[in-house]
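Written below as structure tokens is the structure these notes are about.
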Amino acid sequence: MRALSWFCALSMWTIPALAQTAANPSNGWPQELNAGGTRLVIYQPRAESWNDGQWQARSAVMLTQVAGKPPHFGIITLSARTREDSQHGTVTLENLEVVSGEFPSNPSDQERLLTEIRKHVSEWPRTISADRLRADLGIKDAERASDAVSLRNSPAKIIFSPRRAVLIQVDGDPVFRPVEGTKYTRVINTPAMILQDTSDQRLYLDGETRWMTATSLDGPWSEAQPPPADLDKVKAQLSEANRGDEQNASPAQPQAGAKPNAPPGPPLPPAVYVTTVPAELIQTRGRPQFSPIQNTELTYVANSENDIFM
């Protein structure tokens, strides 16, 4: 399994007055402001620059509402003048300001959300670790240096599904080869069995106990009801001719290139994704449910077999 670090702005709905409980710098990070059943969590800022006593940083914020609603997230940009205490290894922030914010799931309400957050800047902690600040800047410098090097390091495509799904990998653009004595061609650069009817160009994917169909690799894929009667004969013909070949494995089986990453269930999940580029399938059982990890600033998605952290 691969872990994903989720330090991204997802959404935020509403922020009522939070003035009753101020953040306590002595408690470390994250800091919390609580009032009226609403909890605003401010995660430790990450410095972007620190020049001539002027500090700029970005910080994640999390809003948790009552009645079991999931948390909502944003990213804010901060600026302040600084005063360093070398003896105690701390930096004090003065004239702290919230410069901007990003709330991708609620962009139309962004300015109002920022106004509400700015009302409570006076309650935020003002002391940060000088060592942590310099470490952040070192990471930032390293990132800039790596950006200057021309490398092909594009990440794999991430496909997210809130229900059981299967990922079919095709090695580049599909390569079709005729199936002798039939009207079908087969995609040969994938371990899954994908056939195309040359009479109408419709695609069929072997799901071991059923056939899935689509008009293109991109889908959407749905169960063929009923599938053409000759498909099972073509499958048997190919299996006999290539017995033992890995290409005959069902897409519902891990060795076929599918990545179920989900509890046992039907041979072929209802959602099918076919990709011609490197990709990873991330799945949850319904809407992601975040649970805290004790004594850390992390939460994880509890209703997934993947390792998804925020």
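No value in this document is a laboratory result; all are computed from the given coordinates. Source: prediction; values computed, not measured. Here Cβ is always computed from backbone atoms with ideal geometry, including for glycine, and neighbour counts include all displayed protein chains.
Excluding residues on the same chain fewer than 8 positions from residue 183, give the aspartates and glutamates whose Cα lies under 12 Å from its Cα.
In chain and number order, the partners are 197, 200, 230.
Just want the ordering: 188, 159, 76, from fewest to most Cβ atoms lying within 10 Å of their own Cβ.
With the sparsest Cβ surroundings first, the list reads 188, 159, 76.
Measure off 7 Å from each Cα along the Cα-to-Cβ vector at residue 229 and residue 94, then give the distance between these two points in nanometres to one decimal.
Placing both labels 7 Å beyond Cα along the Cβ direction yields 8.9 nm.
What aspartates and glutamates does residue 119 reach when the alpha-carbon gap must be under 12 Å and sequence neighbours fewer than 8 apart in one chain are set aside?
Straight-line reach from residue 119, under 12 Å: 97.
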